[in-house]
């Protein structure tokens, strides 16, 4: 799929957001708001999402525009990988979520794994830092960096959460339907490679 339009939307939105952050001239502010509306209209045209919803997402973003950070934990047991089933779409993913202020990336990975699956872990390696737009995910309004950590299983037991309804370990040839907005089959294959070959360097971009 040609995703050039998504790159344009994100760049236009970033220009608009930065302009609204630093501009004081009312005419400039009006122009940047118009640019924000145009970027929302472009995205609505290429997706099944209402323009008003997208524009609301854009207008709630304040300050200098930077990528958001999504952190995922890859946990293995006997050559199987831990996945959680999302309540929102009924599909499976590596446990994880948005990075939180005041916590290091590895702390976020460990916390998300525990909260979404019930398992206690220790982050042992940064597997990858990916630009979401380069990884084959469905379109998303914001620019996102995705961090994948290899986490050592320490203990715990399966325990779904308010976000997840099932927890399980799966072999590489038995991966269930994935929540593609969160993780892709290629990413699952790659974390298996890092599990089998811990000497591999961190992937990036």
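Return only the number of the condition from (1) in contact with a strand residue (DSSP E or B) (Cβ under 9 Å, 6 or more places away or on another chain); (2) not assigned by TED's automatic domain parsing to the domain that holds residue 133 that residue 14 does not satisfy.
(1)
Within segment 96-105, does at least one residue satisfy the condition of being at pLDDT below 95 and either in a helix (DSSP H, G or I) or within 30 Å of residue 170 (Cα to Cα) (or both)?
Yes, that holds for at least one residue.
Can you report the number of residues in segment 169-199 which are surrounded by 15 or more Cβ atoms within 10 Å (Cβ to Cβ) and either over 17 Å from residue 146 (Cβ atoms) or not assigned by TED's automatic domain parsing to the domain that holds residue 115 (or both)?
4
Look at residue 128 and say whether it is crowded, with 18+ Cβ neighbours inside 10 Å, closer than 30 Å to residue 60 by Cβ, modelled with pLDDT of 95 or more and in contact with a helix residue (DSSP H, G or I) (Cβ under 9 Å, 6 or more places away or on another chain).
Spelling it out, residue 128 is indeed crowded, with 18+ Cβ neighbours inside 10 Å, closer than 30 Å to residue 60 by Cβ, modelled with pLDDT of 95 or more and in contact with a helix residue (DSSP H, G or I) (Cβ under 9 Å, 6 or more places away or on another chain).
Please specify each residue of segment 151-205 satisfying the condition of being more than 22 Å from the chain's Cα centre (by Cα) and part of a helix (DSSP H, G or I).
173, 174, 196
Scan (1) touching a helix residue (DSSP H, G or I) at 6+ places or on another chain (Cβ under 6 Å); (2) surrounded by 15 or more Cβ atoms within 10 Å (Cβ to Cβ) for the single condition residue 41 breaks and write down its number.
Only one criterion is unmet by residue 41, namely (2).
If the requirement is being over 26 Å from residue 172 (Cα atoms) and either surrounded by fewer than 17 Cβ atoms within 10 Å (Cβ to Cβ) or out of contact with any helix residue (DSSP H, G or I) (no Cβ under 9 Å at 6 or more places or on another chain) (or both), which of these qualifies: 60, 87?
That would be 60, the only listed residue that is over 26 Å from residue 172 (Cα atoms) and either surrounded by fewer than 17 Cβ atoms within 10 Å (Cβ to Cβ) or out of contact with any helix residue (DSSP H, G or I) (no Cβ under 9 Å at 6 or more places or on another chain) (or both).
Tell me the residue from 118, 73, 102 that is assigned by TED's automatic domain parsing to the domain that holds residue 176 and in contact (Cβ under 8 Å) with a residue 60 or more places away in the chain, please. Full working, then the answer.
On the way: 118 fails: in contact (Cβ under 8 Å) with a residue 60 or more places away in the chain; 102 fails: in contact (Cβ under 8 Å) with a residue 60 or more places away in the chain.
The conditions single out 73.
The values are calculated or read from the model by the stated rules, or taken from the named source; none is laboratory data. All values derive from a computational prediction rather than experimental measurement. Neighbour counts run over all protein chains shown; Cβ positions are idealised from the backbone, glycine included.
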